[in-house]
Amino acid sequence: MKNTQQSHNHQHHGVFGQRTELYFSVLCGFFLLIGFFLERFGDYSVYIHLSSYVIAYFFGGYFVAIEAFQKIKKGGFDIDFLMIAAAVGAAYIGSWAEGALLLFLFSLGHALENFAMDKAKKSIEALGNLSPKVALVKRHGNVEEIGVEDLKINDVIVVKPNSKIAADGVIIKGSSSINQAPITGESMPVDKTAIASTDNLPKFNEIDKSHVVFTGTINGDNGLEVLVLKLNEDSTVARLITMVSEVETQKSPTQRLTKKFEKWYVPLVIVIVALLCFAYLVIKEPFSDSLYRAITVLVAASPCALAISTPSAVLSGIARAAQKGVLIKGGKALEDLGTITTIAFDKTGTLTEGKPKLTNVIPINGYNDQDLVRIILEVESLSNHPLARAIAKDIKNTYAIEYLNQASNVNAIQGKGISAWYKGNGVFIGNVKLMEDEGIQVEPSVISKMESLLQNGQTVMLVSYKNEVIGVISVMDIPRSTAIDTLKTLKSIGIKRMIMLTGDHQNVGDAIAKQIGLTEAKGNLLPEDKVEAVKELMQRDGKIAMVGDGVNDAPAMAFSTVSVAMGAAGSDVALETADVALMSDKIEMLPFVIGLSRQSKKIIKQNIWISLGVVALLVPVTMLGLTNIGLAVLFHEGSTLVVVLNALRLLGYGR
């Protein structure tokens, strides 16, 4: 129950494998009972029950002594040392039963603590068992089974229906719905399709998510072929596991405090106990009484429960988050998140879908609706620009018309729009500047229509055909459907300020802020301006969380108190830079994480009060000699077990 970090690194494997510590503790209790009965009810020689106690001492003190010795070699007197000293002292004054009881409860607490830590660890390590051990690879026309560690980049793996996917990659054949819950915590399966072509593929995290698959996710009812883009050790799962194992190293603020406290507290206890041994020189009592009191104080004053109060809660909190597809890096992030009242959001892809949607098609000069959308569809279908693609797609869906390939000669005009030929006449789609350059008249009424759309944060384009303006179209990056509810929930749990930072026009920012209920929006920001904005907010509010996709917001995120990356599955940058990574793209996980963080902080506080309370109560009582060593032991070790069990409650948070 001291520094848990170290007790893990050498997990004790002994005769009984992983559970040795627990079995030793039980054996200690067993021999303690036998000795107790022989002493009370037996009429045998003293040596018989004594030998039973000695065996109990061996089993109870074995692991504690090893750890104490390892610490002393490094020059640290730890709680383990206090415990061994107390047990030896108890034996010295003939209180063998109490000494054995002390070792029994201490070793039981220790074993249970390691069990609690392991439980938390295991629910995280379960991630590691996600990835299959073998993969089916297509090589030279044959399909062969190989170990995942032998996969190479650009191998093609065959994924059978309802089996686990063995590598991070992109689907090149087939479509299926995939259960990503193990990685991202999303409860609904996600539809995935094959990518159109694998020529000059972008970086892994820039490929459209609907074509990408992750190691350890589970395929639906259709077979797939996947092009491997990451090696086993670089896969999202592998990164997660490494990070979680490093997670413990970042100590939480409370943990740092208790460490400092222990540093001066333990030597102080040793000094006081040593002095108490000589109490018989001051008060009339035999030396054995002074020694007994000194040893009882030694037991009462050991801050076992305090040492474990924070690490057990931090680990349980982190494990609970991991089950929901949220990676929290260390106690610091876990504790800080609960204290935040201001959150800054990146706009694109965080609060919005990150994909432009066609919002308006307005015919002008009495132009026919159907003819207008037909011209737009034919021209935009020929362009590769993401905006053009989005417009063409939305027109097909909204107006239920098919592309007939009637336009030709499409040209992109940088910063203005595009031109094309349609049925022998010129078509231009773009801004006012484009129309003026082509000598096409734009009526004031059309300009005022454009203005009102721009005010609402839309991107507006004019359409002209045969040298006259025939329509206005507008597109907009629309808010996520879940953003409104999430922000409401955040407000209800006490988040006071929610600010959006965006590179888009201030109008766009304000329009979206109004729609989804943000407190303010800051527009026209370049990445370096976002850093400035975060610094200003930090000065104003003290602490701030920054939520983004962790790619273009990395610098701003680094300056915030706690940074939260969305959709971190597959994105290395986001995983590296963020303190908290939401593996899925679900902004609605935020209230859960903040709630979990607050609950963890609450439990840490409770634990510290319980542990300090018991010490504060026991020390004066034992110093005055008002209690015997057995009671002191029960109270003291009981508080440790209470603290561990209290921390384990976090594993059920939000069920």
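Structure data summary
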{"item": "Share, in percent, of DSSP beta bridges within the chain that are antiparallel, nearest 5", "result": "75 percent"}
{"item": "Residue-averaged 222 nm ellipticity for the chain, from DSSP H runs of 4+ at -39500 (n - 2.57), nearest 500", "result": "-16500 deg cm²/dmol"}
{"item": "For the range 353-478, alpha-carbon Rg relative to the globular expectation (2.2 N^0.38 Å, N residues)", "result": "0.96"}
{"item": "Residues of type aspartates and glutamates that Lys586 reaches as a straight line, Cα spacing below 20 Å, ignoring anything fewer than 8 places off in the same chain", "result": "Glu186, Asp191, Glu206, Asp208, Asp346, Glu353, Asp477, Asp485, Asp549, Asp553, Asp572, Glu576"}
{"item": "Cα-based Rg / Dmax (Å) for the range 132-234", "result": "12.4, 38"}
{"item": "Per-pair calculated FRET efficiency, R0 = 56 Å: Val26 and Ile207 via Cβ, rounded to 0.05", "result": "0.55"}
{"item": "Stokes-Einstein D in µm²/s, Kirkwood radius over Cα pairs - the range 315-396 at 4 °C with 1.567 mPa s viscosity", "result": "76 µm²/s"}
{"item": "With eigenvalues of the C-alpha gyration tensor scaled by 5 and rooted, the range 540-655, Å", "result": "44, 15, 11"}
{"item": "Partner lysines for Lys138 [C-alpha distance under 30 Å; skip if fewer than 8 residues away on the same chain]", "result": "Lys152, Lys160, Lys164, Lys173, Lys192, Lys203, Lys209, Lys230"}
{"item": "Alpha carbon centroid spacing (whole Å) that separates the range 16-74 from the range 436-467", "result": "88 Å"}
{"item": "The chain: proportion of alpha-carbon pairs further apart than 31 angstrom, %", "result": "64 percent"}
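Bear in mind that the values in this text are calculations on the coordinates, not laboratory data. Everything numeric here is computed off the predicted structure, so don't read it as measured data. Reconstructed Cβ throughout: ideal geometry from the backbone, glycine too, with neighbour counts over all protein chains shown.
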